[in-house]
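A.B. asks: Can you keep this structure in mind? I'll have questions shortly.
The values are calculated or read from the model by the stated rules, or taken from the named source; none is laboratory data. Just so you know, these numbers come straight off a predicted model, no measurement behind them. Cβ coordinates were reconstructed from backbone atoms using ideal geometry, including for glycine residues, and neighbour counts include every protein chain displayed.
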């Protein structure tokens, strides 16, 4: 499918009155697994990309070039809508414009921008700082103005819950809607009551809730979150955390036993080739053989 068709379908899906469960992918293989498991959208996680690509914590170490590269590889690997974490846009309004246009060309269906100062931090870390509201509004205004496909969505995130309190975070999200944001994201609410209040305070605009296993926000089931009014339910790093656990388990067994066969805790050779569509390339090789 072409990107504009994927984007239009994604916007239409978000208008439905049922929540969309969206896992995060740090790379194209994870996106392929997510699609294979029947999910409807994938999130390119900045934290996951930083962890897997650089082996570093989510403290603002990746830039636009790395994010655009991985957006492009995921777009080539799947027809799912891609929601791309673009941190704080990498500078002023002109930088935000460049970020949006770059990621839209790379295949993003939605771009997430946050209101943190540089260098940004994971939304569930301590020590975050946010820019003044006027500056944050300009970021969103520039993002909305810069997209070329009206169905490429702007997702506006605020981290103000941690710095200025819950009500200030709601006020910021409302301001981002005024600037044209298509979806808002109040990061790291700290109770079920706070979670429930977000869609109530921001009616008419799709809301994303980020559930970080081990993070600050309580884990609540999909059905209940839908009843609260959330449209996008994000588990940004379940794939990554499970992959780390799987590697530790398999490699620990290999170290202990000194061998590993198909009875070990790993996907089969055949399953790995299926996920990367080896058979398709075999067919193409035959087609294009001299």
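So that you can scan it fast, the table gives a plain yes or no per residue for (1) crowded, with 17+ Cβ neighbours inside 10 Å; (2) in contact with a strand residue (DSSP E or B) (Cβ under 7 Å, 6 or more places away or on another chain); (3) assigned by TED's automatic domain parsing to the domain that holds residue 182; (4) under 18 Å from residue 120 (Cβ atoms):
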position: 20; (1), (2), (3), (4): yes, yes, yes, no
position: 33; (1), (2), (3), (4): yes, no, yes, no
position: 37; (1), (2), (3), (4): no, no, yes, no
position: 47; (1), (2), (3), (4): yes, no, yes, yes
position: 53; (1), (2), (3), (4): no, no, yes, yes
position: 57; (1), (2), (3), (4): no, no, yes, yes
position: 78; (1), (2), (3), (4): yes, yes, yes, no
position: 83; (1), (2), (3), (4): yes, yes, yes, yes
position: 86; (1), (2), (3), (4): yes, yes, yes, yes
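A.B. asks: Within region 149-165, how many residues turn out to be in contact with a strand residue (DSSP E or B) (Cβ under 8 Å, 6 or more places away or on another chain) and surrounded by 19 or more Cβ atoms within 10 Å (Cβ to Cβ)?
C.D. replies: Residues meeting the conditions: 10.
A.B. asks: Given the conditions (1) within 30 Å of residue 165 (Cβ to Cβ); (2) at pLDDT 95 or above, and given that residue 215 satisfies all but one, which numbered condition is not satisfied?
C.D. replies: It is condition (2) that residue 215 fails.
A.B. asks: Could you list all residues from region 233-290 that are out of contact with any helix residue (DSSP H, G or I) (no Cβ under 9 Å at 6 or more places or on another chain), surrounded by 13 or more Cβ atoms within 10 Å (Cβ to Cβ) and outside any helix (DSSP H, G or I)?
C.D. replies: 234, 235
A.B. asks: Take the residues of region 123-148 that are closer than 28 Å to residue 13 by Cβ and out of contact with any strand residue (DSSP E or B) (no Cβ under 8 Å at 6 or more places or on another chain): which is modelled with the lowest pLDDT?
C.D. replies: Among them, the one singled out is 124.
A.B. asks: Given the conditions (1) closer than 21 Å to residue 107 by Cα; (2) part of a strand (DSSP E or B); (3) touching a residue at least 40 places away in the same chain (Cβ under 8 Å), which single one is not true for residue 140?
C.D. replies: Every condition holds for residue 140 apart from (2).
A.B. asks: For region 88-106, what are the residues that are surrounded by 23 or more Cβ atoms within 10 Å (Cβ to Cβ) and either at pLDDT below 95 or assigned to a loop (DSSP other than H, G, I, E, B) (or both)?
C.D. replies: 88, 89
A.B. asks: Considering only region 100-118, I want to know if a residue exists there that is at positive phi and in contact (Cβ under 8 Å) with a residue 24 or more places away in the chain.
C.D. replies: There is at least one residue in region 100-118 that is at positive phi and in contact (Cβ under 8 Å) with a residue 24 or more places away in the chain.
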